[in-house]
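Student: Here's a structure for you.
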Amino acid sequence: MEREIPSSSDMLYDLIIVGAGPAGLSASLTACYLRLKHIVLEATAAGGALMQRYPAKKVDSFLGFKGLTGKEVARRIIEHVKSEGGIIIEGEEVKEIRRDGENKIFQIVTGKNRYRTKTVLITIGIIGCPRKLCIPGEDTCECVDYCLVNPEDYRGKEVLVIGGGDSALEAAVMLDEVCKKIYIAHRKDKFRATEKNQERLEQSGVQVLWNTELKQIFGTKKIEKVCLFNNKTDKENFLEVDNVLIFCGSILNVDFLRHLGLEIEKNRLKAKDDMSTELDGLYAAGDITGRLRRIPEAIGQGHRAVYSIYKYLKKPYWA
Ligand SMILES: Cc1cc2nc3c(=O)[nH]c(=O)nc-3n(C[C@H](O)[C@H](O)[C@H](O)COP(=O)(O)OP(=O)(O)OC[C@H]3O[C@@H](n4cnc5c(N)ncnc54)[C@H](O)[C@@H]3O)c2cc1C
């Protein structure tokens, strides 16, 4: 049963959760269970990295969800939260958090609304916006992507994947099953991906271009060719491909947290064991805390954070 979104701007929530990835959704489910008056504010669409970064990839190491894609897992956890009465408001990016020193109430400002709450849980993950290479042709060519939404879109094509982390390797291996030819170019001479992904890549037909940087993309509607630079030999060469997929990290906007005096270093918002931060009433969970960046960990942290929040709200009546 889905509840209606409360329209009163005077509403004072117990908790506002910022970000609807696994950590935020797990927190919402726990808040439903503990009967906390809360909402989840999500900048784009609920599901977090699973929806936005790997909707077609099969999710690993998540107990009980073998063989399901990111999108399928996200759908299930969203449905679960909604069925318990959780309210997820999509398309509302939190731009500012203020705190009234006297009554300790937080004001959350999005592009559309203002909300008041006694506590805040930050579960914004680290995906942010994809980092661009800032090379000629990258913005003008229509065949450049930063996320593999559906491998079928690339069926029969020749694709160049850029990057050396898990996202790049996973995409290359998935595309290898449907594409005519896949190259993966990495600017170093070894990958920084898990052993499992490196093994999968070795067993695939993907051609690895070591010490190779993408310098330019020619063409607008279609790619005519790309210019590659080998940083070991200092030589340039051209490659003809149909698509380029870039996985070179992301840029996270944490400016709205800095002025609260929170300690943020390298996309990590420091949280204690109970998920509280240096600011009373503000908690953090999931990838943003910089601990193990995996779904089970995010879910565990989201759950733990809400129990700590419950304790904080009920103090001194709940031990
Ligand atoms: C390509 C890839 C493959 C992966 N594969 C696996 C896997 O197979 N198994 C596994 O266990 N883990 C995997 N992971 C890691 C896993 O997805 C993350 O650990 C997990 O999603 C973290 O959850 P989270 O809720 O902390 O953050 P996220 O899932 O990143 O969700 C954060 C949410 O916050 C929103 N947000 C951000 N800023 C704001 C704002 N200002 N206002 C409102 N909302 C905001 C974002 O839009 C996003 O929806 C993978 C990650 C990637 C990138």
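What follows is calculated from the coordinates using simple rules that are stated; it is not laboratory data. Predicted model only: the values in this text are computed from it and were never measured. For neighbour counting, all protein chains shown are included, and Cβ atoms are generated from backbone atoms with ideal geometry for every residue, glycine included.
Student: In segment 246-263, which residues have a backbone nitrogen under 12 Å from the label point lying 7 Å from VAL109's Cα in the Cα-to-Cβ direction?
Tutor: Only 256 pass the distance filter.
Student: Another question, then. Work from the charge dipole of the chain (Cβ charges, +1 for Lys and Arg, -1 for Asp and Glu, about the Cα centre) and give the residue of GLN207, SER308, ILE135 farthest towards its positive end.
Tutor: Value computed over the given set: SER308.
Student: Next up: Relative to the present Cα-Cα distance, how much length would full extension add between GLU177 and GLN198 at 0.36 nm per residue of separation? Intermediate results must be reported in sequence, preceding the final value.
Tutor: Working: separation 21, 0.36 × 21 = 7.56 nm, distance 1.62 nm.
Roughly 5.9 nm would be gained on extension.
Student: Can you tell me how segment 37-90 classifies by the Cα gyration tensor, rounded, prolate or oblate, using a/c under 1.5 as the rounded cut?
Tutor: It is oblate, given that a/c is not under 1.5 and a/b is not larger than b/c.
Student: Please get the size of the charge dipole for the chain, origin at its Cα centre, with Cβ charges of +1 on Lys and Arg and -1 on Asp and Glu, quoted in debye to the nearest 20.
Tutor: 640 debye
Student: Placing +1 on the Cβ of each Lys and Arg and -1 on the Cβ of each Asp and Glu in segment 131-246, which of ILE184, VAL244, ASN230 has its Cα farthest towards the positive end of the resulting dipole?
Tutor: My answer, from the dipole projection, is ASN230.
Student: Sort segment 131-246 into rounded, prolate or oblate with this rule: let a ≥ b ≥ c be the square roots of the eigenvalues of the Cα gyration tensor; rounded if a/c is under 1.5, and if a/c is not under 1.5, prolate when a/b is larger than b/c, oblate otherwise.
Tutor: Note, shape of segment 131-246 comes out oblate.
Student: Let me ask something additional. Roughly how big is segment 215-268's charge dipole about its Cα centre, with Cβ charges of +1 (Lys, Arg) and -1 (Asp, Glu), in debye to the nearest 20?
Tutor: With Lys and Arg at +1 and Asp and Glu at -1, about 60 debye.
Student: Let me ask something additional. Computed FRET efficiency, Cβ-Cβ of ASP189 and ASP153, R0 35 Å: what is it to the nearest 0.05?
Tutor: Between ASP189 and ASP153 the formula returns 0.65.
Student: Now, a different point. Please get the size of the charge dipole for segment 133-273, origin at its Cα centre, with Cβ charges of +1 on Lys and Arg and -1 on Asp and Glu, quoted in debye to the nearest 20.
Tutor: 320 debye
Student: Rounded to two decimal places and with Rh computed the Kirkwood way over Cα pairs, what is Rg over Rh for segment 92-196?
Tutor: 1.18
Student: With N set to the residue count of segment 39-139, report its C-alpha Rg divided by 2.2 N^0.38 Å to two decimal places.
Tutor: In units of the 2.2 N^0.38 Å rule of thumb, it is 1.34.
Student: Follow-up. Using only the Cα atoms, work out Rg/Rh for segment 167-319, with Rh taken as the Kirkwood radius, to two decimals.
Tutor: Answer for segment 167-319: 1.15.
Student: With an 8 Å Cα cut-off and a minimum separation of 6 or more residues, compute the relative contact order for the chain in percent. Walk me through the intermediate numbers first.
Tutor: On the way: 723 pairs, mean separation 63.1, N = 319.
Across the chain, relative contact order equals 20 percent.
Student: Test of understanding: ordering PHE106, PHE218 by Cβ neighbours within 10 Å, fewest first, what list do you get?
Tutor: In increasing order of surrounding Cβ atoms, one gets PHE218, PHE106.
Student: Exposure proxy check: SER167, SER250, SER83 ranked by fewest other beta carbons within 10 Å?
Tutor: Neighbour counts put them in this order, fewest first: SER83, SER250, SER167.
Student: Give me the number: length gained by fully extending ASN237 to ASN253, i.e. 0.36 nm times residue separation minus the C-alpha to C-alpha distance, one decimal in nm. Mind showing how you got there, number by number?
Tutor: On the way: separation 16, 0.36 × 16 = 5.76 nm, distance 3.60 nm.
Value of the extension gain: 2.2 nm.
Student: Rg and Dmax in Å for the chain, alpha carbons only: what are they?
Tutor: 21.8, 70
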